[in-house]
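Presented below is the structure to which this report refers.
The values are calculated or read from the model by the stated rules, or taken from the named source; none is laboratory data. As the structure is a computational prediction, the values presented were derived from the model and not from experiment. Using ideal geometry, Cβ is built from the backbone for each residue, glycine included, and neighbour counts are taken over all protein chains shown.
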Amino acid sequence: MVMTFIGAAYAANFSSSSKNWMVCTVTVGWLGMALGALAFAALLQLRVYSYISIFIWNRQATGIYFIVPVLYMGILSIIYSGLSFILPSSSGFEYIETTNVCAANGGIYYFGMALMIIQTLVLCVLLFKSRTMECCFHEHRKILIVSAVCIVCEIIVVAIQHVHFSDDKQTTAGVLKILFSFIPQHVYFYVILGPPVYHSLAHSDRYLQSYVDTIEQSELSHVYELIGKCPMGEISDMSDAGKSRRASMSSQMSIGSNFSGNEPAPECSPPLPRDTNARQSGALLSYYSSSWLPSIFTRNPNK
């Protein structure tokens, strides 16, 4: 999101005394497009691919199934960044001083458009492939919502680029492009990342117990264990152990408060430290750890 903002801000006709061809290439071509739009599109594809790998193929992506998607994510952005730097201003990026705008000409514009079309088609194919996945938390529905918003906003941004705006309306056009470039990323956060983060902070124990119960009732424990690398029984045991520790501490504190005079209150044992075992402490919300990076980025330690 930061990369998209930097690139879009320069493309939106905001005043900058240092703006020139190189600045346009770096901010718009490298940051805004290569590390912004293309990287976000690749992130959506990798997330859907991870869903297919886990929920349909019932395995974690390792080996060639891990390397190829990662290379695919990076190669398109690298190629676009290289071309934006190599191509001359007549077919690459150009700074128009009269309107203070960074413009993408001919070759680089159509190449970027072709990459976005390819990314969209690949995303649609992956979404179609994942239509039969069985899940507990509406993962497929959520990624469909984000993908639909992304495609619609992409079409709107392209349409704005082809609408003729007068010189005094260039800032308005730039603001609209920034707005519709940010909407998919915000939707991705609020639909996929936001809910588990909020619930885990606001009422983690109740959320964790509900999470485990939902998975166990659906008989998909073996699938979600592939994602979290921790059996559902261990997660449930950790939740129960946490409740027992808090109940014990509360009981001891209430007993201590009944003592008066010079008689010392009974000593309360300090709270047990959080389990530092990586396999357990990371398992509480390990399923949602793939919200930041697809689960294919996590290798199986047993292999």
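Computed values, structure above
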quantity: The one condition in (1) part of a loop (DSSP other than H, G, I, E, B); (2) in contact (Cβ under 8 Å) with a residue 12 or more places away in the chain that Gln170 fails to fulfil; calculated: (1)
quantity: Single unsatisfied condition, Phe165 versus (1) in the same structural domain as Ile54 (by TED's automatic domain parsing); (2) surrounded by 15 or more Cβ atoms within 10 Å (Cβ to Cβ); (3) assigned to a helix (DSSP H, G or I); calculated: (3)
quantity: When residues of the range 168-191 are limited to those that are among the charged types (D, E, K, R) and farther than 15 Å from Ala37 by Cβ, the one surrounded by the fewest Cβ atoms within 10 Å (Cβ to Cβ); calculated: Asp168
quantity: Failed criterion for Arg131 (all others in (1) without any contact (Cβ under 8 Å) to a residue 40 or more places away in the chain; (2) on the phi > 0 side of the Ramachandran plot hold); calculated: (2)
quantity: Tally, over the range 119-150, of residues that are of a type in the set (Gly, Ala, Ser) and either modelled with pLDDT under 90 or within 27 Å of Glu216 (Cα to Cα) (or both); calculated: 1
quantity: Pair list, Cβ under 7 Å, 6 or more apart: the range 68-84 residue under 16 Å from Ala104 (Cβ atoms) and modelled with pLDDT under 85, other residue of a type in the set (S, T, N, Q) and assigned to a helix (DSSP H, G or I); calculated: none
quantity: Residues of the range 15-67 satisfying the condition of being touching a residue at least 12 places away in the same chain (Cβ under 8 Å) and outside any helix (DSSP H, G or I); calculated: Ser15, Ser16, Lys19, Asn20, Asn58, Arg59, Gln60, Ala61, Thr62
quantity: Residue selected from the range 189-214 under the condition of a type in the set (Ser, Thr, Tyr) and closer than 16 Å to Lys142 by Cβ, by the criterion modelled with the highest pLDDT; calculated: Tyr190
quantity: Matching entry among Tyr224, Tyr188 (being under 18 Å from Val48 (Cα atoms), outside the structural domain of Leu44 (by TED's automatic domain parsing) and part of a helix (DSSP H, G or I)); calculated: Tyr224
quantity: Of the criteria (1) crowded, with 17+ Cβ neighbours inside 10 Å; (2) in contact (Cβ under 8 Å) with a residue 24 or more places away in the chain; (3) among the hydrophobic types (A, V, I, L, M, F, W, C), which one Leu87 fails; calculated: (2)
quantity: Cβ pairs under 8 Å, 6+ apart, first in the range 139-159 and in the same structural domain as Cys124 (by TED's automatic domain parsing), second not in a helix (DSSP H, G or I); calculated: Glu139/Met133; His140/Met133
quantity: Positions within the range 177-188 being of a type outside the set (A, V, I, L, M) and either touching a residue at least 60 places away in the same chain (Cβ under 8 Å) or within 21 Å of Phe137 (Cα to Cα) (or both), in sequence order; calculated: Lys177, Ser181, Phe182, Pro184, Gln185, His186, Tyr188
quantity: Test: residue in the range 107-118 that is more than 22 Å from Ile151 (Cα to Cα) and touching a residue at least 24 places away in the same chain (Cβ under 8 Å); calculated: yes
quantity: Members of the range 170-209 found to be over 25 Å from Gln60 (Cβ atoms) and among the polar types (S, T, N, Q), listed by number; calculated: Gln170, Thr171, Thr172, Ser181, Gln185, Ser204, Gln209
